[in-house]
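**Student:** Quick one: the structure is below, questions incoming.
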Amino acid sequence: MARVGMVSLGCSKNQVDAEHMLWHLREAGFELCADAGVCDVVIINTCSFIESAKQESIDYIMEFATLKEEGRVKVLCCTGCLAERYREEVRREIPELDVILGIGSNAEIVRAIKDALESGIETTRFGDKENLELDVGEKRIISNLPFYA
């Protein structure tokens, strides 16, 4: 199965969303990798709260787009606030992205990645924000140190 890495930017809510997506990916059989630069699939879970956060998100996407052009990354995904807030611009300005999911479509991450890997199908979805699972309980992969709340 493909190796998946994630760069999660922004707030604690974004981190929980990222951890929940990673849990779903691991449950689906994907191998999770801490170093996104050596993965088949890279997910940039973006932030766009302030201009510098937006720019940081774009910089990371472009960094991994370069790795994709070099053939080192097979599938490049954008999730989170930048994808949600700048829907049309992200699709239009960053054609290297294979998957773009708004926050209401986080649960579709496994299917979208499988489609991109197996069939080259690009996915762009923006589900209703009401679809975002808020109480993820133990359905997440904790990514910080154990002494953090």
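The values are calculated or read from the model by the stated rules, or taken from the named source; none is laboratory data. Everything numeric in this text was worked out from a predicted model, so none of it was measured. Methodologically, a virtual Cβ is constructed for each residue, glycine included, from the backbone with ideal geometry; neighbour enumeration extends over all protein chains shown.
**Student:** Hey, among the residues in region 85-107 that are of a type in the set (Gly, Ala, Ser) and buried (at least 21 other Cβ atoms within 10 Å of the Cβ), which one's nearest to residue 10 (Cα to Cα)?
**Tutor:** 102
**Student:** Additional query: Of the residues 110, 90, which single one is farther than 25 Å from residue 50 by Cα and assigned to a helix (DSSP H, G or I)?
**Tutor:** Details: 90 fails: farther than 25 Å from residue 50 by Cα.
Going through 110, 90 in turn, just one is farther than 25 Å from residue 50 by Cα and assigned to a helix (DSSP H, G or I): 110.
**Student:** Oh, and also: Does residue 77 satisfy the criteria of being crowded, with 21+ Cβ neighbours inside 10 Å and not hydroxyl-bearing (Ser, Thr, Tyr)?
**Tutor:** Values: crowded, with 21+ Cβ neighbours inside 10 Å: yes; not hydroxyl-bearing (Ser, Thr, Tyr): yes.
It is true that residue 77 is crowded, with 21+ Cβ neighbours inside 10 Å and not hydroxyl-bearing (Ser, Thr, Tyr).
**Student:** For the condition assigned to a helix (DSSP H, G or I), farther than 24 Å from residue 133 by Cβ and either modelled with pLDDT under 95 or of a type outside the set (Val, Ile, Thr) (or both), what is the one hit in 13, 54?
**Tutor:** 54
**Student:** On to the next question. Using the structure shown, decide if residue 94 is out of contact with any Asp or Glu (no Cβ under 6 Å at 6 or more places or on another chain) and either closer than 27 Å to residue 130 by Cα or modelled with pLDDT of 95 or more (or both).
**Tutor:** Taking the combined requirement at face value, the residue satisfies it.
**Student:** Working carefully through the options 19, 27, find the one that is over 14 Å from the mean Cα position of the chain (by Cα) and charged (D, E, K, R). Quick ask: steps written out before the conclusion?
**Tutor:** Values: 19 fails: over 14 Å from the mean Cα position of the chain (by Cα).
Residue meeting the stated conditions: 27.
**Student:** Does residue 64 count as of a type in the set (A, V, I, L, M, F, W, C) and either touching a Lys or Arg at 6+ places or on another chain (Cβ under 6 Å) or assigned to a loop (DSSP other than H, G, I, E, B) (or both)? Can you show your working first?
**Tutor:** Values: of a type in the set (A, V, I, L, M, F, W, C): yes; either touching a Lys or Arg at 6+ places or on another chain (Cβ under 6 Å) or assigned to a loop (DSSP other than H, G, I, E, B) (or both): no.
Criteria not met by residue 64.
**Student:** For region 121-134, does any single residue satisfy the condition of being surrounded by fewer than 15 Cβ atoms within 10 Å (Cβ to Cβ), farther than 21 Å from residue 81 by Cβ and modelled with pLDDT of 90 or more?
**Tutor:** yes
**Student:** Looking at region 86-111, I want the residues that are farther than 16 Å from residue 68 by Cα and have a partner that is part of a loop (DSSP other than H, G, I, E, B) and among the acidic types (Asp, Glu) with Cβ atoms under 8 Å, at least 6 apart or on another chain. Which pairs are those?
**Tutor:** Partner pairs satisfying both residue conditions: 104/128; 106/133; 107/133.
**Student:** Which numbered condition trips up residue 70, out of (1) surrounded by 14 or more Cβ atoms within 10 Å (Cβ to Cβ); (2) free of Cβ contacts under 8 Å to residues at least 24 places away in the same chain; (3) charged (D, E, K, R)?
**Tutor:** Looking at each condition in turn, residue 70 falls short on (1).
**Student:** Quick one: would you say residue 139 is in a loop (DSSP other than H, G, I, E, B) and closer than 24 Å to residue 1 by Cα? Spell out how you get there, then give the answer.
**Tutor:** Values: in a loop (DSSP other than H, G, I, E, B): yes; closer than 24 Å to residue 1 by Cα: yes.
Yes, satisfied.
**Student:** Hey, any hits in region 28-51 for a residue that's in a helix (DSSP H, G or I) and among the polar types (S, T, N, Q)? Don't jump to the end; show me each part of the working.
**Tutor:** In the first step, residues of region 28-51 are kept if they are in a helix (DSSP H, G or I); the result is 36-38, 51.
If we keep only those that are among the polar types (S, T, N, Q) too, we end up with none.
For region 28-51, residues in a helix (DSSP H, G or I) and among the polar types (S, T, N, Q): absent.
**Student:** Moving on to the next point. Quick test of your reading of the structure: residue 82 fulfils all but one of (1) surrounded by 19 or more Cβ atoms within 10 Å (Cβ to Cβ); (2) under 13 Å from residue 2 (Cα atoms). Name the failing condition by number.
**Tutor:** Evaluating residue 82 over (1) surrounded by 19 or more Cβ atoms within 10 Å (Cβ to Cβ); (2) under 13 Å from residue 2 (Cα atoms) leaves (2) as the failure.
**Student:** With respect to residue 75, determine if the residue is within 20 Å of residue 140 (Cβ to Cβ) and aliphatic (A, V, I, L, M).
**Tutor:** In short, no.
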